[in-house]
Amino acid sequence: MVREDKALIGYLLRNEHTSPFEQVVLTFHCKMPIFVARQWIRHRTARVNEMSGRYSTMRNEFYLPETDQLRTQSRTNKQGRSDEDLSAEEKQQVLEMLNKNQVAAYESYERLLGAGLARELARINLPLSTYTEWYWQIDLRNLFHFLNLRLSAHAQYEIRKYAEVMVGITRKVAPVAYEAFEEHVLRAKRLPASVCKKLKKFLSSATGGSTEAEELLKILDE
Ligand SMILES: Cc1cc2nc3c(=O)[nH]c(=O)nc-3n(C[C@H](O)[C@H](O)[C@H](O)COP(=O)(O)OP(=O)(O)OC[C@H]3O[C@@H](n4cnc5c(N)ncnc54)[C@H](O)[C@@H]3O)c2cc1C
């Protein structure tokens, strides 16, 4: 029964009985700037085949941020950008500078190749904004782990955008499991023991015997 399967999938994910999720394997064909690939490759449980800059010529394709993403360094989050926009003039300058460097880097790359230098050496000055491609194969258990980390507001905007697209794909392949992931992992909170204790105290004193509070107390006691 679909209803029973749904309940079981939820139970398995909530209780970290994760091996059934490893039976579902997805392969993504991805193209991303190298700085995104460097964050992505940290997920060690995938099998990866990346295009080789030793074997083939790197394409003249570079990432330029969208103008609304050109923001200042955050003062509170050392790893991220703030909500504060640069001025229109500054944005223009930034984009011109990035673009100019990308064009110059690719021109030197072509010149080095033209002079007969090996591809594996000619590429070494290409910037982190250069696009690379790979096939990335991962099982559903580890994909959920990847999505949980890379959909987070703490993840860099650029990799987050990839994670968001992968959500749509994962939903199509495994809709019930994805729903369980949202409920039991992505939107769930793991509470420290001290917070659970406080919550229990609060619920016991504030309830006046309400059934809702009793249900919540039961969950906290599980
Ligand atoms: C917002 C954010 C900021 C980050 N900032 C930095 C940074 O500044 N510097 C930096 O170096 N990294 C950074 N990382 C990368 C981070 O430390 C992890 O390497 C990355 O998120 C992969 O996580 P993982 O190891 O859990 O995943 P995976 O490699 O996919 O592994 C999945 C799970 O498998 C298990 N596993 C895999 N390999 C091993 C192993 N060898 N031993 C034991 N268990 C294993 C673990 O349970 C692990 O959680 C950042 C990540 C995020 C999301």
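The values are calculated or read from the model by the stated rules, or taken from the named source; none is laboratory data. What you see is a predicted model, and the numbers here were worked out from it, not measured in a lab. No Cβ is skipped: glycine too gets one built from the backbone with ideal geometry, and neighbour counts run over all protein chains shown. Calculation scope for accessible area: heavy atoms of the full protein, side chains included, ligands and nucleic acids excluded. Shrake-Rupley method; radii C 1.70, N 1.55, O 1.52, S 1.80 Å.
Quick notes on this one:
- For segment 42-125, the pair-distance distribution built from all alpha carbon pairs, in bins 5 Å wide starting at 0, is 3, 12, 15, 14, 13, 14, 15, 10, 3, 0 percent.
- Euclidean distance between Cα centres, segment 144-222 to segment 20-65, Å: 28 Å
- Projecting the Cα positions of Thr132, Leu12, Val195 onto the charge dipole of the chain (unit charges on Cβ atoms of Lys, Arg, Asp and Glu, taken about the Cα centre) puts Val195 furthest along the positive direction.
- Positive-pole candidate from Tyr109, Thr67, Gln92, dipole of segment 52-117, charges at beta carbon: Tyr109
- For segment 152-222, the convex hull spanned by the alpha carbon atoms encloses 118 Å³ per residue.
- Under the convention that each Lys and Arg Cβ holds +1 and each Asp and Glu Cβ holds -1, the size of the dipole of segment 1-49 around its Cα centre is about 340 debye.
- The equivalent ellipsoid that matches the C-alpha gyration tensor of segment 90-182 spans semi-axes of 37, 19, 9 angstrom, in descending order.
- Dipole size of segment 1-93 about its Cα centre, with +1 on Lys/Arg Cβ and -1 on Asp/Glu Cβ: approximately 440 debye, rounded to the nearest 20.
- The dipole here belongs to the chain: it is taken about the Cα centre, uses +1 on the Cβ of Lys and Arg and -1 on the Cβ of Asp and Glu, and is about 620 debye.
- Three principal axis lengths of the chain [C-alpha, angstrom, descending]: 81, 44, 27
- Sorting the segments 25-34, 176-185 by their residues' average number of neighbouring beta-carbon atoms within 10 angstrom, most packed first, yields 176-185, 25-34.
- In the chain, helical runs assigned H by DSSP with n ≥ 4 each contribute -39500 (n - 2.57); averaged across all residues and rounded to the nearest 500, the mean residue ellipticity at 222 nm is -15500 deg cm²/dmol.
- Pairs with C-alpha atoms separated by more than 30 Å, drawn from the list Lys31/Lys172; Lys91/Lys161; Lys172/Lys197; Lys6/Lys31, are Lys172/Lys197; Lys6/Lys31.
- Over segment 81-145, accessible surface divided per residue gives 63 Å², non-protein components excluded, 1.4 Å probe.
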